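Notes to accompany the following structure.
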């Protein structure tokens, strides 16, 4: 029986909502009022179109995913009522908790918009189900995708999220070495253990253009080869890999626009980066023909090389300034989560591939090659 990815995706998206609603997770204090008192106050007189849009649109994907998950187990009515009910409880709980965070203001209008957004998302899932779109998608998925690869699809879906946070090299995820070193020094300062720490004697130097190009190549091959683990036929692999590259390019441009201004959306597209993108696109044509286990082995090598190169690069000198800009703006709720996804995504893929290789290939995947 083929398992659906809607439940884990809904849980991941709910975690994103919790993060966005309770950030910055500090300064908690009692204010002497009941946490549910916001629900009984009059609707706010002043609001902005941005707040209305984000509160409505923020819960729509959750409602859509919950609707799909409930559709697999219950009647169509549960898609609407169940999704809206779960979203209502989640939103109410988070709004109540915001009472104890100085930087946040609970609002019954936000709650109403959250529920309306979840209901709209569940309604879209219901319409797709009524029109037979879900059945057609299940038939396409049965022909297109490999069995039991929910984690692979989830990792592919998370890759663009990690790209939202600026990195030293475009598409380069997993740059944690310098941050870990600095954090370890802060933790061990004033203790004898600091003398045992093998610290670098020189500062990290910017990558040479050739190393930057190689980083881009390996970074882009990672989601493309991951597509080879979740899709059967070479043509479908090629389409998914190219779609991933197009999405990644668009998200990287969006990240630059949000960080440095719309006029700098494509400033990252330097000659080494462009050369790396073209080289990766050419290699994809060949690599999609690999058998599944061979693709997994090449993916491990690509991730190892990418992590080695990106962790030799110094932190972006404009990154601190960018963080200050984001923390003063409306993207404060999302940049921290995107940063963590960008740090951990390559290591999660490594764990997934190693676990996959430890298992015996499903019989239907052996025909690929």
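So residue 291 fits all but one of (1) at pLDDT 55 or above; (2) out of contact with any helix residue (DSSP H, G or I) (no Cβ under 9 Å at 6 or more places or on another chain); what number is the exception?
(2)
Out of 109, 90, 70, which single residue is modelled with pLDDT under 85 and either closer than 30 Å to residue 353 by Cα or not assigned by TED's automatic domain parsing to the domain that holds residue 223 (or both)?
Matching residue, one of 109, 90, 70: 70.
Determine, yes or no, whether residue 285 is touching a residue at least 12 places away in the same chain (Cβ under 8 Å) and exposed (fewer than 15 other Cβ atoms within 10 Å of the Cβ).
So residue 285 passes the test.
Which members of the stretch 33-45 meet the condition of being part of a loop (DSSP other than H, G, I, E, B) and under 18 Å from residue 103 (Cβ atoms)?
Once the filter is applied, which keeps residues that are part of a loop (DSSP other than H, G, I, E, B) and under 18 Å from residue 103 (Cβ atoms), the stretch 33-45 yields 33, 35, 44.
Let's see how each residue does on (1) modelled with pLDDT of 90 or more; (2) touching a strand residue (DSSP E or B) at 6+ places or on another chain (Cβ under 9 Å); (3) not in a loop (DSSP other than H, G, I, E, B):
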| residue | (1), (2), (3) |
| --- | --- |
| 284 | yes, no, yes |
| 297 | yes, no, yes |
| 322 | no, no, yes |
| 335 | no, no, yes |
| 339 | no, no, yes |
| 346 | yes, no, yes |
| 356 | no, no, yes |
| 361 | no, no, no |
| 366 | no, no, yes |
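Hey, any hits in the stretch 75-98 for a residue that's touching a helix residue (DSSP H, G or I) at 6+ places or on another chain (Cβ under 8 Å) and part of a loop (DSSP other than H, G, I, E, B)?
There is no residue in the stretch 75-98 that is touching a helix residue (DSSP H, G or I) at 6+ places or on another chain (Cβ under 8 Å) and part of a loop (DSSP other than H, G, I, E, B).
The values are calculated or read from the model by the stated rules, or taken from the named source; none is laboratory data. Since the structure is predicted, the reported quantities are computational estimates derived from the model, not experimental observations. Please note: Cβ atoms are built from the backbone with ideal geometry, for glycine as well, and neighbour counts cover all protein chains shown.
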